[in-house]
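Enquirer: Sending over a structure as structure tokens; questions will come in a sec.
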Amino acid sequence: MSTFDLIDHSIEAYCEAHTTPECTLLHNLNRRTHLETINPRMLSDQLQGLFLTFISKMLRPDRILEIGTFTGYSALCLAEGLSDRGELHTIEINVEYEDRIREFVSQSPWGHRIHLHIGDALQMVPSMEEQWDLVFIDAEKEQYPQYYELVLPKVRKGGFILADNVLWNNKVTQEIAHNDRDTRAIDAFNNTVQQDDRVRNLLLPFRDGIMIIEKL
């Protein structure tokens with residue numbers, strides 16, 4: 001999601017100007033997403049995309065799980081760091097994005113390693129017989145606590161979970177409205193992780209907040 005007001009926009013612009021620019025494929029996907037979708041701010045951008053690529057390249061994972069594909073930007077970034085035998089499985093609940101995702105995945109050098117699943121992650125993850133090295137959660141905010149409990153047992157010891165939007169436009173730092181189920185779920189997720197002795201975690205105030213979680 002977008003940076004919102006977490007950092008000064010001039011700082012963000014300076015960071016972007018001093019960060020390796022998007023490749024042509026990611027630039028085209030970024031542009032098409034902004035032109036053709038209702039909520040383009042859900043897209044990972046240049047800064048977050050390269051952050052995901054760096055994390056993946058440092059880990060060299062054999063198996064990546066992504067919950068929430070949107071139009072495929074983050075999947076393409078994560079796939080760049082896969083090991084020589086690595087595969088990425090990404091789950092998107094909205095079938096309307098499927099054609100666009102497949103179009104851009106097919107153009108990627110790592111496209112043959114990206115497996116798209118259309119459906120509800122809460123139903124799909126339990127049936128996936130994989131041990132994950134890296135998981136990226138960026139889907140329905142109300143379901144973050146459930147995603148976490150589903151994937152943690154399937155993450156290898158020393159593996160990592162990345163959870164996006166954990167500051168949720170700064171709403172988690174304010175009094176939460178009774179009917180704001182998304183913010184309550186994000187806050188519950190953050191508290192669960194903080195108190196979980198199975199992991200250690202770092203919440204980065206980057207964009208809309210990214211939680212880095214290592215399974216101990």
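Just so it is clear, none of the values below were taken in a lab; they were calculated from the coordinates. It should be emphasised that the depicted structure is a prediction, and the values quoted were computed from it without experimental measurement. Ideal geometry is used to build each Cβ from the backbone, glycine not excepted, and the neighbour counts take in all protein chains shown.
Every residue, every condition in (1) part of a loop (DSSP other than H, G, I, E, B); (2) farther than 21 Å from Gly86 by Cα, yes or no:
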position	(1), (2)
Leu122	no, yes
Val135	no, no
Gln143	no, yes
Gln146	no, yes
Asn169	yes, yes
Glu175	yes, yes
Thr192	no, yes
Asp208	yes, yes
Met211	no, yes
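Enquirer: Could you please let me know if Ala139 is assigned to a strand (DSSP E or B) and among the small types (Gly, Ala, Ser)? Let's see the steps before the verdict.
Expert: Values: assigned to a strand (DSSP E or B): no; among the small types (Gly, Ala, Ser): yes.
No: the conditions fail for Ala139.
Enquirer: Then there is this: With the checklist (1) of a type outside the set (Lys, Arg); (2) part of a helix (DSSP H, G or I); (3) buried (at least 18 other Cβ atoms within 10 Å of the Cβ); (4) out of contact with any helix residue (DSSP H, G or I) (no Cβ under 6 Å at 6 or more places or on another chain) in hand, flag the one item Cys77 doesn't pass.
Expert: (4)
Enquirer: Under the condition of being surrounded by fewer than 24 Cβ atoms within 10 Å (Cβ to Cβ) and in contact (Cβ under 8 Å) with a residue 60 or more places away in the chain, which residue from segment 46-69 is nearest to Val135 (Cα to Cα)?
Expert: Checked segment 46-69; the qualifying residue nearest to Val135 (Cα to Cα) is Arg63.
Enquirer: Within segment 94-119, work out how many residues are part of a loop (DSSP other than H, G, I, E, B) and either surrounded by 19 or more Cβ atoms within 10 Å (Cβ to Cβ) or on the phi > 0 side of the Ramachandran plot (or both). Spell out how you get there, then give the answer.
Expert: Looking only at segment 94-119, we keep the residues that are part of a loop (DSSP other than H, G, I, E, B), and these are 94, 106-110, 119.
This time we only want the ones that are either surrounded by 19 or more Cβ atoms within 10 Å (Cβ to Cβ) or on the phi > 0 side of the Ramachandran plot (or both), so: 108, 119.
Of the residues in segment 94-119, 2 are part of a loop (DSSP other than H, G, I, E, B) and either surrounded by 19 or more Cβ atoms within 10 Å (Cβ to Cβ) or on the phi > 0 side of the Ramachandran plot (or both).
Enquirer: Now a separate question. Pairs needed: first member in segment 122-148, over 26 Å from Phe54 (Cβ atoms); second member anywhere, surrounded by fewer than 17 Cβ atoms within 10 Å (Cβ to Cβ) and of a type in the set (A, V, I, L, M, F, W, C); C-beta distance under 8 Å; at least 6 residues apart or different chains.
Expert: Gln143/Leu122; Pro145/Ala188; Gln146/Leu122
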